[in-house]
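The values are calculated or read from the model by the stated rules, or taken from the named source; none is laboratory data. These figures come from a predicted structure and were not determined experimentally. Please note: Cβ atoms are built from the backbone with ideal geometry, for glycine as well, and neighbour counts cover all protein chains shown.
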Amino acid sequence: MSDLSANLDNQARGEQSPLVSGSDIPHLIHAEADVKDWIALLKPRVMTLVVFTGLIGLIVAPGHLNPVLGFTAVLCIAIAAGACGAINMWYDRDIDAVMKRTANRPIPGGRIEPGAALGFGITLAVGAVLVMALATNLVAAAVLAISIGFYVFIYTMWLKRRTPQNIVIGGASGAFPPVIGWAAVTGSVDLVPLVLFGIIFMWTPPHFWSLALWANDDYRRAGVPMLPVVAGGKETRRQIVIYTILLVPLTLVPWFVGFSGLTYVATAALLGIGFLVSVWRVLMDKQDATGVSLTNDAPARAAFKFSILYLFILFGGLAIDRVIG
Amino acid sequence: MSDFPPRPGPTEADELRRRRRGRNWAILLVLILLCALFYAITIVKMMKA
């Protein structure tokens, strides 16, 4: 109220009110976003993979969970992933504005206020953890909370702008969903979900660095130290192959420990060969002396698309194997 | 006062109203679904107990 009195006094003296300035009205108009913009804040395409791997963790876990509670658990994973997306968009709004790929996101596009996006993200995050705790158990809720905290504080706020290993370590946050799904059923974290965690952890670098190769200019412009920006295309391609070589045997571990059968191991082996061929093509891509692709990074784009299919089919194969078995 | 931009025209105001209405309906739908979900969870938990 004191602000209002001061405001009126200012107006009486012919001074412009500080509470509402001319620049606020276009700002208010721009802040009226569509429902589509609020959904876009949640990064729905990233959410799909997260939800899928969380669902697989839930399906393959020993034990039974009521379908209503199972649905709630998967919904909480999805909402938490969306919350992370919203908070990430809030924090990275400065670099999003500079990158072509992200310049039209709701915040840099002027359609959603940064504060509103942050509030939205925090509300969803807290709500998801609370509902997970109520519907399933405290272990699943705790792992969900840890995954949110890891993505927001460790990856987004700390590592992303500081080190080319940002997505290697930060990729752990994308590896939590199968652990959460498993914990929702069993109330515990065992060896198998940790193996699934490891698979996604090792999959993340070749997946993201394939993207970073063809979005290199964007990341350079924004000053994000992705590996191609810091170490160049040649070294990035080499690292993609190394991580894929490490990934493929890891995907066979569920069969080695007796958790899965021939359906899964055959799927994993064939997919592994496919992924290795795909990243070999990335390594052999025609490039100039500085490692810049002369084919517009066609193999890297293909490897990126394949990596998404790879993870879907691999985890799908695990679930099918468990259901058949 | 001369610093204020012109008021939104009829089409802009309609657009604003449309967006606000859309957002409000979406919020209502989410609230209804949330209530239904909590109801279902409660029934399941009570059956288990």
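Selection of the stretch A:164-206 for residues being of a type outside the set (A, V, I, L, M, F, W, C) and touching a Gly at 6+ places or on another chain (Cβ under 8 Å) yields A:PRO177, A:PRO178, A:GLY181, A:THR186, A:PRO193, A:THR204, A:PRO205. If the condition is being surrounded by fewer than 16 Cβ atoms within 10 Å (Cβ to Cβ) and within 12 Å of A:ALA80 (Cβ to Cβ), then the stretch A:124-138 contributes A:VAL126, A:GLY127, A:LEU130.
Looking at A:ALA300, A:ALA289, just one residue is of a type outside the set (Val, Ile, Thr) and surrounded by fewer than 17 Cβ atoms within 10 Å (Cβ to Cβ), and that residue is A:ALA289. The residue pairs whose first member lies in the stretch B:1-25 and is under 18 Å from A:ILE112 (Cβ atoms), whose second member is at pLDDT 80 or above and not basic (Lys, Arg), and whose beta carbons are closer than 6 Å, counting only pairs six or more residues apart or on different chains, are B:ARG19/A:ASP34; B:GLY22/A:VAL35; B:ARG23/A:VAL35.
For every residue, the table says whether it meets (1) out of contact with any strand residue (DSSP E or B) (no Cβ under 9 Å at 6 or more places or on another chain); (2) farther than 18 Å from A:PHE197 by Cα; (3) touching a residue at least 40 places away in the same chain (Cβ under 8 Å).
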residue: A:ALA269; (1), (2), (3): yes, yes, no
residue: A:GLY272; (1), (2), (3): yes, no, no
residue: A:SER278; (1), (2), (3): yes, yes, no
residue: A:ARG281; (1), (2), (3): yes, yes, no
residue: A:ASP297; (1), (2), (3): yes, yes, yes
residue: A:LEU318; (1), (2), (3): yes, no, yes
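Among the candidates B:ALA36, B:ALA49, the residue that is at pLDDT 95 or above and not charged (D, E, K, R) is uniquely B:ALA36.
Got a number for residues in the stretch A:244-254 being surrounded by fewer than 20 Cβ atoms within 10 Å (Cβ to Cβ) and assigned to a helix (DSSP H, G or I)? Result for the stretch A:244-254: 6. At pLDDT 95 or above, in contact with a Gly (Cβ under 9 Å, 6 or more places away or on another chain), assigned to a helix (DSSP H, G or I) and not polar (S, T, N, Q) - does that describe any residue in the stretch A:269-286? Yes, there is a match, as at least one residue in the stretch A:269-286 is at pLDDT 95 or above, in contact with a Gly (Cβ under 9 Å, 6 or more places away or on another chain), assigned to a helix (DSSP H, G or I) and not polar (S, T, N, Q).
Looking at the stretch A:174-184, is at least one residue surrounded by 22 or more Cβ atoms within 10 Å (Cβ to Cβ), within 14 Å of chain B (Cβ to nearest Cβ) and among the aliphatic types (A, V, I, L, M)?
Quick first cut of the stretch A:174-184, residues surrounded by 22 or more Cβ atoms within 10 Å (Cβ to Cβ) only: A:174-184.
With within 14 Å of chain B (Cβ to nearest Cβ) added as a condition, the list becomes A:184.
From the residues that got through so far, the ones that are among the aliphatic types (A, V, I, L, M) too are A:184.
Checked the stretch A:174-184: at least one residue is surrounded by 22 or more Cβ atoms within 10 Å (Cβ to Cβ), within 14 Å of chain B (Cβ to nearest Cβ) and among the aliphatic types (A, V, I, L, M).
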